[in-house]
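Okay, so here's the structure we're looking at.
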Amino acid sequence: MPRIVPRALTLNCFALLTAATLVTAACSAHDARGMTPNGVTSLDSDSGAFRVNLASAPAAVPVRGKNQLELRVMRVDSGDGAEGLKLTMLPFMPAMGHGSPAVPDVFDRGDGHYHVDDVVLTMPGLWELQTTIEAPEHDHFTFRFEIE
Amino acid sequence: MKRVTLTLVALLLIGTPRRALAQACCAGASAVTPGRLALHEDALVGLQVQAGTQHGSYDSEAHFHATPPGAAVWDFEQDLLASARLVRRGQATVLLPFLEAWRRAPASAAEVGYGLGDLNLSARYDFTWSREVSYLPGIAALAGITLPTGRAPESARLPLGSDATGLGTVVFTAGVALERAFDRVLVSATLLGAKRLPRNVHGARSELGSELSALGAVSYSLPNDASLALSVNGRFEGPASLDGSNVPGTARRRVRIALAGAMPLSETVRAHGSVFVDPPLDWLGKNESASAGLTMAALWTFP
């Protein structure tokens, strides 16, 4: 059975993470290869129009097994939360060439907050969370995590 | 990933050592390659079982990480295999695996999955046998194909993918095997390349990099035709691609060390066993799991 994390705890975790991210002012999380470095929890979308912060449960970063994520998506130009986006997320293990048995569910919580359920990372190794903004604009961002 | 190892095993399972030329060659080779037909054998059937556990993994920077507390993976496999001599120097093998896995992760409950694995067909042709030509080693060509009869990772129904039993694509393999007997010692080397066809993963075209496996082994034959062997297998794979573009940091490698033994139980039955480990050392692996385990096999041969 999936571990149920109290919503208040998740949001508190997210708030702390957001504050820390803003302090460090991570403008772009892409490395020289254009890839998101492993373990980064704040990045800009491919177009640069959105900044995304990620918080995870049950651990601070995704772990092997089932995870729940909180995404905070903000418009870079205004700093406002980006509401009403249609997001899809696909966990993918590029070195192994396979994805996850589960397709995560994304829920819009309003004001740029998105809850992602059922993020299942089945084995150790480098995983990508390939996320597409499908509407009303089209954009893309990818978090990368090394799972032990 | 496991299916390519399976292909290598299957390809090594077959061969045609020449009893009249080198008894030590046959006994030594069978320790590393349990299913190899001796020259007087026309066919065999066998059952091989394997049990292993993951003790860690190598990350994309080639650093080893022990399995964290609360996580565990146990893999079990039973292979039904059959070999037949098709021509004097050539033979073919079919290998049908059945897999079970028990997995547990800190964020998920323990689970058990099982299912049919990927069917493997392979062939071997010996151009020369060891000691047949004084100045040449035994030289054999290897070829194989693995079919996606198992369940691909995306098609698994359990959260940790324990019931994923296949790669999800066709794998072609080709290679060469060399061996040379020196009295009771047999030295062998196998090089094998693998090409996996691209496949669709959630709408993306995913293709694993080309793979090269190199196996070196030294076997020693005892007077009773039993044998012991030490082998080292290195597996190297180029970067994977997604929608036609290489993905940086996805090249893989792994080194596996095995100690194997073989013993004849009768004129037509022989037993094999081995223990193997992927050493928990940095740089020996990259983007791979690290396992340790054992195998046992029983083979019935038909002269």
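The values are calculated or read from the model by the stated rules, or taken from the named source; none is laboratory data. Just so it is clear, the model here is predicted, and its values are computed rather than measured. Using ideal geometry, Cβ is built from the backbone for each residue, glycine included, and neighbour counts are taken over all protein chains shown. Just so you know, the surface numbers come from the protein's heavy atoms only, side chains and all, with ligands and any DNA or RNA stripped out. Shrake-Rupley method; radii C 1.70, N 1.55, O 1.52, S 1.80 Å.
So what J values fall out for segment B:109-117 if you push phi through Karplus, 6.51 cos²θ - 1.76 cosθ + 1.60 with θ = phi - 60°, rounded to Hz, Gly and Pro as x?
For segment B:109-117, the Karplus-derived couplings read 6, 5, 8, 10, x, 7, x, 5, x Hz, x marking Gly and Pro.
Dividing the alpha-carbon Rg of segment B:66-112 by 2.2 N^0.38 Å yields what? Mind dumping the intermediate values first?
Numbers: Rg = 18.4 Å, N = 47, 2.2 N^0.38 = 9.5 Å.
After normalising by residue count via 2.2 N^0.38 Å, the value is 1.94.
May I ask which residue of A:Ala82, A:Ser45, A:Gly65 lies farthest towards the positive end of the charge dipole of segment A:33-91, with charges of +1 (Lys, Arg) and -1 (Asp, Glu) on Cβ and the Cα centre as origin?
A:Gly65
Could you tell me how many degrees, from 0 to 90 and to the nearest 10, lie between the Cα long axis of helix B:2-12 and the main elongation axis, the longest principal axis, of the Cα atoms of chain B?
0 degrees
What distance in nm separates the two pseudo spin-label positions at B:Ala298 and B:Ala214, each 7 Å out from Cα along the beta-carbon direction?
With each label placed 7 Å out from Cα toward Cβ, I get 3.9 nm.
In debye, nearest 20, what is the charge dipole magnitude of chain B about its Cα centre with +1 on Lys and Arg Cβ and -1 on Asp and Glu Cβ, if you could check?
Numbers: 27 positive and 25 negative charges, 102 e Å.
For chain B, the charge dipole is close to 500 debye.
Can you give the Rg to Rh ratio for segment B:205-303, taking only C-alpha atoms and Rh from Kirkwood? Could the numbers behind the result be given before it?
Numbers: Rg = 18.2 Å, Rh = 15.9 Å.
Ratio of gyration radius to Kirkwood radius: 1.14.
Using the charge dipole of segment B:163-303 (Lys, Arg: +1 at Cβ; Asp, Glu: -1 at Cβ; taken about the Cα centre), state which of B:Asn287, B:Phe276, B:Pro223 has its Cα farthest towards the positive end.
Ranked along the dipole, the leading option is B:Asn287.
Pop the C-beta distance of B:Ser245 and B:Gln78 into the FRET formula with R0 = 41 Å and round what comes out to the nearest 0.05.
Values: r = 39 Å, r/R0 = 0.95.
Efficiency computed from Cβ-Cβ geometry: 0.55.
Which residue, chosen from B:Thr128, B:Leu44, B:His63, occupies the Cα position most advanced towards the positive end of the dipole of segment B:38-132, where the dipole is computed from +1 (Lys, Arg) and -1 (Asp, Glu) charges on Cβ about the Cα centre?
Of B:Thr128, B:Leu44, B:His63, it is B:Thr128.
Å³ per residue of the Cα convex hull, for chain B?
Working: hull volume 38.2 nm³, N = 303.
It is 126 Å³ per residue.
Taking a probe of 1.4 Å and counting only protein heavy atoms, give the total accessible area buried between chains A and B in Å², rounded to the nearest 100. Intermediate values should be presented prior to the final figure.
Numbers: alone 7480 and 13290 Å², together 18180 Å².
About 2600 Å² of accessible surface is lost on pairing.
Using bins 10 angstrom wide from zero, how does P(r) for segment B:245-303 break down, in % of all Cα pairs?
19, 31, 22, 17, 8, 1
Tabulate in residue order the Karplus-calculated ³J(HN,Hα) for segment B:164-171, using 6.51 cos²θ - 1.76 cosθ + 1.60 with θ = phi - 60°, rounded to whole Hz; enter x for Gly and Pro.
Result, ordered by residue: 7, 10, x, 7, x, 8, 7, 10 Hz.
List the residues whose amide H sits under 5 Å from the amide H of B:Leu37, counting only those 5 or more places along or on another chain, with H placed 1.01 Å from N in the peptide plane.
Those lying under 5 Å, H to H, from B:Leu37 are B:Gly15.
So, with a 1.4 angstrom probe, what is the percent of accessible area on segment B:102-159 that is carbon and sulfur? Before the final figure, lay out each step's value.
Details: 1680 of 2610 Å².
Reported share for carbon and sulfur atoms: 64 percent.
So how much slack lies between B:Phe127 and B:Arg88, counting 0.36 nm per residue of separation and subtracting their Cα-Cα distance, in nm?
On the way: separation 39, 0.36 × 39 = 14.04 nm, distance 1.06 nm.
That works out to 13.0 nm of additional length.
Compute the angle between helix B:23-32 and the longest alpha-carbon principal axis of chain B, please, reported from 0 to 90 degrees and rounded to the nearest 10.
Roughly 10 degrees, rounded to the nearest 10.
State, as an integer percentage, the relative contact order of chain B based on alpha-carbon contacts under 8 Å between residues 6 or more apart. Present the calculation step by step, with values, prior to reporting the outcome.
Numbers: 931 pairs, mean separation 61.8, N = 303.
The normalised contact order for chain B reaches 20 percent.
Sticking to Cα atoms, compute the Rg of segment B:129-195 to one decimal and its Dmax as the biggest Cα-Cα distance, whole number, in Å.
Computed over the Cα atoms of segment B:129-195, radius of gyration and Dmax are 18.7, 57 Å.
I need the phi-derived Karplus couplings for segment B:266-276: 6.51 cos²θ - 1.76 cosθ + 1.60, θ = phi - 60°, integer Hz, Gly and Pro marked x.
7, 5, 10, 10, 9, 10, 9, x, 7, 10, 9
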